[in-house]
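The values are calculated or read from the model by the stated rules, or taken from the named source; none is laboratory data. Keep in mind it's a predicted model, so treat the numbers as computed, not measured. Methodologically, a virtual Cβ is constructed for each residue, glycine included, from the backbone with ideal geometry; neighbour enumeration extends over all protein chains shown. Heavy atoms of the whole protein, side chains included, go into the accessibility calculation; ligands, DNA and RNA do not. Shrake-Rupley method; radii C 1.70, N 1.55, O 1.52, S 1.80 Å.
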Amino acid sequence: MTWEELECTCQSCKGCSLCETKTNTVFGTGNREADLMFVGEAPGEQEDLSGTPFVGRAGQLLDKYLFAVDLKREDVYIANILKCRPPKNRDPLPEEEDACIAYLREQTRLVRPKVIVCLGRIAAMRIIKPDYKISAEHGQWVLKGGIWMTAVFHPAALLRDPRRKEDMLEDMKAIAAKLKELNA
Ligand code: URA
């Protein structure tokens, strides 16, 4: 599948009931040839209204961390596990993840990133392992299918609990260092 075919299929998806309540499909954004890919959970209100991932308060905080480690949005690709907003931002249901995950898999195949960073527990549980514990395991690396993977706290969690911001900065520095090491 090409990017155009994939995005077109995703935009008209009726794979779960979220298509009935969403405003826009939030496919993904950024550099389609990026070495670094971020994966979040699902669109929130601002993302649903704009059609772009991580543009609300959590997204603005993510931008600050990218800036802090000398990365730009244009350097990375950003997508979510779910492409449509769950009502009232509730957690994704297993059947919604199952219906949507093939789009992320195909995005990953097309981008061919060297590093995938899961933003938060929900993405880490889907992508790294089902029993992922974000507080204990954030920042740890695993190599899966030739791609280095890690997870960091979700920026929305950092907004709720700023005590985790130091850990987040350290994890982001390690991610930037990993990219440099892989490209050396
Ligand atoms: N939270 C997410 O997980 N993804 C977004 O796109 C926005 C907020």
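Odds and ends about this structure:
- Of all residues in the stretch 58-113, those satisfying the criterion of being surrounded by 21 or more Cβ atoms within 10 Å (Cβ to Cβ) and of a type in the set (F, W, Y) are Y77, Y103.
- Within the stretch 57-76, if we keep just the residues that are within 13 Å of the ligand (Cβ to nearest atom) and touching a residue at least 40 places away in the same chain (Cβ under 8 Å), the residue that is farthest from C118 (Cα to Cα) turns out to be R57.
- M172, sole failed condition from (1) over 30 Å from T9 (Cβ atoms); (2) surrounded by fewer than 20 Cβ atoms within 10 Å (Cβ to Cβ); (3) more than 14 Å from the ligand (Cβ to nearest atom); (4) among the aliphatic types (A, V, I, L, M): (2)
- Looking only at the stretch 123-147, residues that are open to solvent by 20 Å² or more (accessible area, probe 1.4 Å), part of a helix (DSSP H, G or I) and touching a residue at least 12 places away in the same chain (Cβ under 8 Å) come to 4 in all.
- Within the set L66, L61, the sole residue that is within 16 Å of A157 (Cα to Cα) and either among the charged types (D, E, K, R) or not in a strand (DSSP E or B) (or both) turns out to be L61.
- When the stretch 130-163 is filtered for residues that are more than 15 Å from the chain's Cα centre (by Cα) and within 16 Å of the ligand (Cβ to nearest atom), the ones remaining, listed by number, are Y132, L158, L159, R160, D161.
- Sole exception among (1) assigned to a helix (DSSP H, G or I); (2) open to solvent by 40 Å² or more (accessible area, probe 1.4 Å); (3) under 18 Å from A157 (Cα atoms) for V55, by number: (1)
- Pairs, first under 12 Å from F27 (Cβ atoms) and within 8 Å of the ligand (Cβ to nearest atom) in the stretch 40-56, second in a loop (DSSP other than H, G, I, E, B) and of a type in the set (D, E, K, R), C-beta under 7 Å, six or more apart: P43/R85; E47/R85
- Some residue of the stretch 88-105 being under 17 Å from M168 (Cα atoms) and either charged (D, E, K, R) or part of a helix (DSSP H, G or I) (or both): no
- If you filter the stretch 77-87 down to residues that are in a loop (DSSP other than H, G, I, E, B) and touching a residue at least 60 places away in the same chain (Cβ under 8 Å), you find that the one that is nearest to T9 (Cα to Cα) is K83.
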